[in-house]
Each structure stands twice: as structure tokens, then as C-alpha cells.
Amino acid sequence: MTGQPAKKIGVLGSGAWGTALAAVAAEAGNDVILWSRNKNVVSDINNEHENKLYLKGADLNPRITATTETSNLQNCDVLLLVVPSQHLGSVLKASKDQINPNTPLVLCTKGVEIKSGLLMTEMIAEILPKNPLAVLSGPTFAIEVANKLPTAVTLACADENLGKSLSLTLNNRSFRIYQSLDPIGAEIGGAVKNVIAIACGIVEGKKLGDNARAALITRGLSEIVKLGLAKGGRRETLMGLSGMGDLTLTCTATQSRNYALGKALGEGISIENYLKGRITVAEGLSSSKSVTKLAQKLSIDMPICHAVCDILHNDADIDATIAQLLARPQKAEA
């Protein structure tokens with residue numbers, strides 16, 4: 001509990017992360033309404049206080065209610081946006097007339113839109129130009145957050161007072177929020193780390209060793225920083241929780257969907273076979289394409305992201321791609 005007056009928090013998106021953030025907001029003493037397209041998810045949350053489809057095993061606070069109607073989010077004090085990156089735009093366009101233009105929006109989705117090449121914050125600003133906007137990002141696995149294990153994240157907002165208010169609203173005893181004034185940096189870190197995690201998973205699947213993974217994480221961070229600076233983000237943000245912190249978690253833990261996808265590819269499993277029957281999204285699958293396109297547009301060299309994109313979308317041979325990376329000309333580290 002934060003000691004702040006209870007607020008009504010809306011959560012757009014009922015996947016594992018959206019459900020975990022609903023739990024965070026309820027634990028902080030707020031009333032939460034969680035939107036889902038899935039009627040069974042809504043029924044399970046309202047009747048059994050569990051999201052059996054996406055976050056099985058996490059007991060949810062009764063202060064969380066679920067709905068299939070975006071109109072029920074109209075009177076929320078804060079709206080968390082947790083729809084997968086490639087679907088967020090269409091959901092916002094369909095529901096924009098039901099979102100109060102004064103309601104602060106907190107982006108909790110990580111990715112770059114393939115169709116437009118826009119960052120999520122840029123895309124949101126086009127659809128809902130009047131709403132104040134913040135970014136929540138950091139090293140988080142949904143089930144650990146929902147089970148109240150210690151977690152620290154960045155909440156980035158260009159309006160310092162709004163950022164402080166949002167932090168106080170969502171912060172609780174197990175979910176510690178650090179403020180930032182750099183939403184672009186926080187967003188870039190979250191989007192690109194998923195691509196680097198797929199590369200690290202491939203290294204694991206190919207049994208190339210911990211040295212190779214450490215090198216990939218470090219050089220991957222360099223790529224993140226280059227893109228972040230080009231988009232106007234700050235280096236110090238990318239060295240913090242939403243950059244280095246999130247990258248480290250995603251690239252070293254088998255809970256990571258992106259790392260697990262890469263590991264399967266490294267073991268010789270095809271993308272089609274790996275994805276067959278899965279209901280969750282590995283954001284790096286789409287982000288590899290959108291991040292690479294953005295880097296090319298900005299004339300930024302991001303060889304790891306480019307290599308992952310080639311493997312995922314252009315049927316590039318993994319061994320040949322690794323050989324090409326290792327054969328790149330030597331240069332100074334910085």
C-alpha cells in the first residue's frame with residue numbers, strides 16, 4: 001500500500017504482463033478494471049480470480065474486475081497499455097472515442113510497429129494526441145511480479161510531476177519504481193532487447209558457450225545505445241533498468257519467450273514447429289524486422305539485430321550467419 005488515495009486503474013490487454021500489472025495496481029491499493037477480448041479470461045478473473053489462460057497459478061486480488069467492453073475504461077484515472085505491439089494501434093483506433101483525452105496513458109508494451117516504423121509512443125501520439133504519456137519498462141517476468149517477488153522498473157515521463165504521481169499510484173512493497181524523464185530511451189531499451197535475447201538463445205541452442213553470450217549481450221547493448229541516441233534517448237537511461245537491466249534478464253533466463261525461441265532455433269527446430277499451438281507472443285519475432293528497418297532508415301549499423309532478422313524472416317542459415325558476424329572487420333570497441 002502506498003498511502004495514496006485509491007484510484008481506478010484501467011489495463012488494456014489481459015496477457016500475462018497485463019494481468020501482472022493489474023495485480024501490481026491492486027496491491028498498491030487501487031481498483032482495477034482489466035480489458036480482454038477473451039470472454040473466458042474475463043469469466044475466470046471475475047469468478048475465480050485467476051487468469052488461467054495466460055497467468056495460471058497466480059491468485060488475483062478481488063479488486064481486479066475484467067471486461068470485454070472498452071467503454072468501461074472511460075472513467076479510469078490511469079490507463080495502462082499492454083496489448084502486444086503489432087496490435088496496439090488497431091485496438092487504440094477502435095477504442096479512441098471511449099478514452100478520455102485527459103487520462104494519462106502508460107505504455108507497457110515493448111516493440112516497434114512494423115507497418116509504420118514508428119515507436120509505440122510515436123504511434124500512440126498520432127492516435128491519441130491529447131493524452132499525457134509515460135513508459136513503464138524494466139527487467140520483469142510476469143509470474144514473478146504477480147507473485148509479489150521483488151522487482152524494480154523504470155517509469156519514464158517527460159512531465160516530472162506526472163511521472164511522480166504515476167509512480168506513487170503504482171509503486172508497492174514488492175514493485176519498486178524509479179523515475180526517469182526519458183521515455184524514448186526507456187522504450188528503445190525494451191524494444192531492442194528482445195531481438196538480442198533471440199540471438200543469445202541461438203548461442204545457447206548451438207552450445208557456443210557463455211563467452212559468446214556475454215559478448216552478444218555487451219555488443220547488443222552497444223546496438224541499443226546507438227539506436228537510442230539516434231532517436232533522442234539518453235545513454236544513462238539505457239545503462240539502467242529499462243536498458244541494461246532488462247537486457248540482462250531477457251538474455252540469461254529460460255523464462256524469456258524470446259530467449260526460448262532462439263534456443264529452439266539453435267537446436268534446429270523450425271520457427272513454424274516452435275510456434276505451433278503457442279498462445280503467447282515473442283515480441284522479438286516482429287521487433288527484429290521493425291528494429292532493423294528503423295536502423296536502416298537512420299543509417300545505423302546494428303549487425304546482431306540484422307542477423308536475427310535474416311534468420312527469422314529471410315531463411316538465412318544460422319551457421320553461415322554466425323560465421324559472417326565473426327568475419328566482420330576488426331574495429332575499436334568504442
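Descriptive notes on the structure:
- With only Cα atoms counted, the stretch 140-298 has Rg and Dmax values of 16.3, 50 Å.
- Degrees between helix 210-230 axis and first principal axis of the chain (Cα, 0 to 90, nearest 10): 60
- Value of [θ]222 nm, deg cm²/dmol, for the chain, DSSP H segments ≥ 4, -39500 (n - 2.57) each, nearest 500: -14500 deg cm²/dmol
- Kirkwood hydrodynamic radius over Cα pairs of the stretch 120-223, then Stokes diffusion coefficient at 20 °C and 1.002 mPa s, in µm²/s: 137
- Taking only the Cα atoms of the stretch 88-181, the radius of gyration and Dmax are 14.2, 40 Å.
- Over the stretch 3-120: Rg over Rh, Cα atoms, Kirkwood Rh: 0.96
- Distance from the stretch 227-278 to the stretch 53-115 (C-alpha centre basis), Å: 23
- Nonlocal amide H pairs with ASP182, under 5 Å, H built at 1.01 Å: CYS157
- In Å, descending, principal axis extents of the Cα set of the stretch 1-54: 34, 19, 15
- Ranked packing of 85-94, 195-204, 270-279, most packed first, by mean Cβ within 10 Å: 195-204, 85-94, 270-279
- Seen from all directions on average, the chain presents a Cα convex hull projection of 15.9 nm².
- Within the shell of other residues whose beta carbon sits under 12 angstrom from the beta carbon of LYS52, the net charge comes to -3, with Lys and Arg scored +1 and Asp and Glu -1.
- With the gyration tensor restricted to C-alpha atoms of the stretch 249-299, the semi-axes of the equivalent ellipsoid amount to 22, 13, 11 Å, longest first.
- 20 °C / 1.002 mPa s Stokes-Einstein diffusion coefficient of the stretch 85-124, Kirkwood radius on C-alpha pairs, µm²/s: 199
- Cα long-axis angle, helix 160-170 against the chain (0 to 90 degrees, to the nearest 10): 80
- Helix axis angle, 183-205 relative to the chain longest principal axis, alpha carbon, degrees: 50
- Across the chain, C-alpha contacts under 8 Å between residues 6 or more apart give a mean separation that, scaled by the residue count, equals a relative contact order of 15 percent.
Read-outs throughout are calculated quantities, based only on the coordinates presented, and are distinct from any laboratory measurement. Not measured: the values here are computed from a predicted model. Methodologically, a virtual Cβ is constructed for each residue, glycine included, from the backbone with ideal geometry; neighbour enumeration extends over all protein chains shown.
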